[in-house]
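Report on the structure given below.
The values are calculated or read from the model by the stated rules, or taken from the named source; none is laboratory data. Predicted model only: the values in this text are computed from it and were never measured. Cβ atoms come from the backbone with ideal geometry, glycine included; neighbour counts cover every protein chain shown. When the accessible area is computed, the model is the full protein with side chains, heavy atoms only, and any ligands, DNA or RNA have been set aside. Shrake-Rupley method; radii C 1.70, N 1.55, O 1.52, S 1.80 Å.
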Amino acid sequence: MKRDEILAWLLEENPDRLETLWSLADGVRRGHAGDSVHIRGLIEFSNYCRSNCHYCGMRSGRRSLARYRMTQDEILDSAREAMARGYGTVVMQSGEDPHLDVDGLAGVIERIKRETPLAVTLSLGERAPQELARLREAGADRYYLRFETSDRHLWKQIHPSGKNAVSHRLDLLPLIKKLGYETGSGIMVGIPGQTWDSLVDDIEWFRRLDLDMIGCGPFVPHPETPSGRECDDRVLSNPSPTQVLNTNLVTCKVMALTRLVCPDVNIPSTTALATLDQEDGYRLGLQRGANVLMVNLTPLKYRRLYEIYPEKAGIGELPQPQRERVDSLLAGLGRTAGEGTGASRNFEARRPAIASLQRGDLCQHCRK
Ligand code: SAM
């Protein structure tokens with residue numbers, strides 16, 4: 001699909017024509033990813049963060065937020081819960097925790113891999129190459145690192161410079177892939193300052209990076225962040241014509257176009273979609289390109305503290321009602337819960353090359 005065509009779809013407002021986009025994306029999703037929906041159990045194991053991203057409620061500058069770090073036993077209990085509920089993957093997510101005990105985390109991953117059939121996805125933000133290699137060697141299967149926006153000017157505006165400055169993530173993703181991780185990235189839709197043109201670039205970057213998983217969610221303003229203070233409600237106020245809107249409609253267009261441009265990837269119907277539309281967010285995502293759902297398995301006592309943005313969907317939901325909600329959602333769509341670990345077709349095609357991945361390569365990074 002050419003740039004102009006992507007841009008035209010992003011700006012399309014005619015509901016009848018948009019039905020065509022949804023149905024094209026749904027057809028490609030069915031043909032390439034099938035009717036199974038892979039369910040991932042999310043464990044938000046630490047909300048400590050060294051970064052001070054302008055949009056995120058867990059930014060280091062937010063002193064009022066109580067911080068927590070789950071113990072190794074607590075993480076293992078959540079992983080066992082995922083297995084007991086029949087999920088195939090755990091996603092271990094945290095802030096960019098400066099005191100993350102990488103050896104301890106490697107030990108937890110080794111135990112999960114030894115004691116369960118689960119795939120392990122890591123989402124820890126930017127880590128040193130030797131840490132990424134160490135965790136991969138411990139058995140982590142996947143790494144998820146959103147590049148948020150490919151617009152380097154905007155990136156600089158929303159990520160403070162200085163000691164803990166984050167580097168541009170587009171530069172780190174190739175290394176993650178080289179280490180043999182099934183590699184995921186994605187963006188936020190509607191960050192203040194994001195333009196339609198840069199959104200087209202983002203979709204083109206998805207294709208260029210040859211990703212295995214792509215997650216997109218609307219930017220949800222947090223009132224205690226600089227980006228959040230630019231919005232007086234859940235949507236941006238008085239946006240300029242070049243400003244991307246932080247709505248579910250635009251996010252679904254991005255997801256549908258992503259499915260058309262990268263047919264073999266896994267695409268989650270994200271929590272942010274369900275946060276803006278509790279009723280229909282997950283369902284619409286699954287009907288417009290997505291084939292993955294996340295359920296939150298973080299112990300309830302910590303969940304509220306993982307406050308990326310307020311009123312996150314599913315914040316108080318226990319594992320049993322959660323499973324029932326997911327089953328009923330899938331039944332209503334005529335879809336089924338995926339079996340096994342649910343790797344993407346894109347990754348399956350690369351797997352033989354990765355299997356022969358020189359262990360030396362990993363070790364070389366470990367030694368650095
Ligand atoms: N520390 C890891 C990282 O930086 O990748 C994982 C945690 S981070 C909080 C996970 C994702 O949350 C980010 O990649 C970003 O896209 C998303 N996020 C942060 N603030 C958000 C907001 N206000 N609205 C929507 N998504 C947000």
Report summary line: Of the listed residues (R146, R114), the one being surrounded by fewer than 20 Cβ atoms within 10 Å (Cβ to Cβ), within 24 Å of E307 (Cβ to Cβ) and not β-branched (V, I, T) is R146
Query raised in the report: Of the residues S60, S36, which single one is modelled with pLDDT of 95 or more, in contact with a strand residue (DSSP E or B) (Cβ under 9 Å, 6 or more places away or on another chain) and among the small types (G, A, S)?
Result: S36
Query raised in the report: In this structure, does G340 turn out to be at pLDDT 95 or above, open to solvent by 50 Å² or more (accessible area, probe 1.4 Å) and not in a helix (DSSP H, G or I)?
Result: yes
Query - The one condition in (1) under 30 Å from P129 (Cα atoms); (2) touching a Lys or Arg at 6+ places or on another chain (Cβ under 8 Å) that V189 fails to fulfil - result: (2)
Query raised in the report: Name the helices (runs of 4 or more DSSP H) wholly within the range 1-103 that hold at least 2 residues that are surrounded by 23 or more Cβ atoms within 10 Å (Cβ to Cβ)?
Result: 15-33, 72-84
**Report entry** Residue satisfying condition, being out of contact with any Gly (no Cβ under 8 Å at 6 or more places or on another chain), surrounded by 19 or more Cβ atoms within 10 Å (Cβ to Cβ) and charged (D, E, K, R), within set E182, E204
**Finding:** E182
Query raised in the report: If you go through the range 278-288 one residue at a time, do you hit one that is out of contact with any Asp or Glu (no Cβ under 9 Å at 6 or more places or on another chain) and within 26 Å of L154 (Cα to Cα)?
Result: no
Report task. Considering only the range 264-278, state which residues are surrounded by fewer than 23 Cβ atoms within 10 Å (Cβ to Cβ) and more than 15 Å from the ligand (Cβ to nearest atom). Result -> D264, Q278
Report summary line: Among (1) touching a helix residue (DSSP H, G or I) at 6+ places or on another chain (Cβ under 6 Å); (2) of a type in the set (A, V, I, L, M, F, W, C); (3) within 14 Å of the ligand (Cβ to nearest atom), I203 falls short only on (3)
Query raised in the report: Pairs under 6 Å by beta carbon, first residue closer than 19 Å to V220 by Cβ and touching a residue at least 60 places away in the same chain (Cβ under 8 Å) in the range 57-84, partner of a type in the set (G, A, S) and crowded, with 17+ Cβ neighbours inside 10 Å, six or more apart or different chains?
Result: M58/G95
Report task. Out of L135, L122, L154, report the one residue that is open to solvent by less than 30 Å² (accessible area, probe 1.4 Å), within 16 Å of the chain's Cα centre (by Cα), of a type outside the set (S, T, Y) and within 20 Å of D171 (Cα to Cα). Result -> L122
Requested in this report: Evaluate the following for P192: is it assigned to a loop (DSSP other than H, G, I, E, B), within 11 Å of the ligand (Cβ to nearest atom) and either surrounded by 15 or more Cβ atoms within 10 Å (Cβ to Cβ) or under 18 Å from the mean Cα position of the chain (by Cα) (or both)?
Outcome: yes
Report task. For the range 207-226, indicate whether the set of residues that are within 27 Å of A349 (Cα to Cα), open to solvent by less than 50 Å² (accessible area, probe 1.4 Å) and among the basic types (K, R) is non-empty. Result -> no
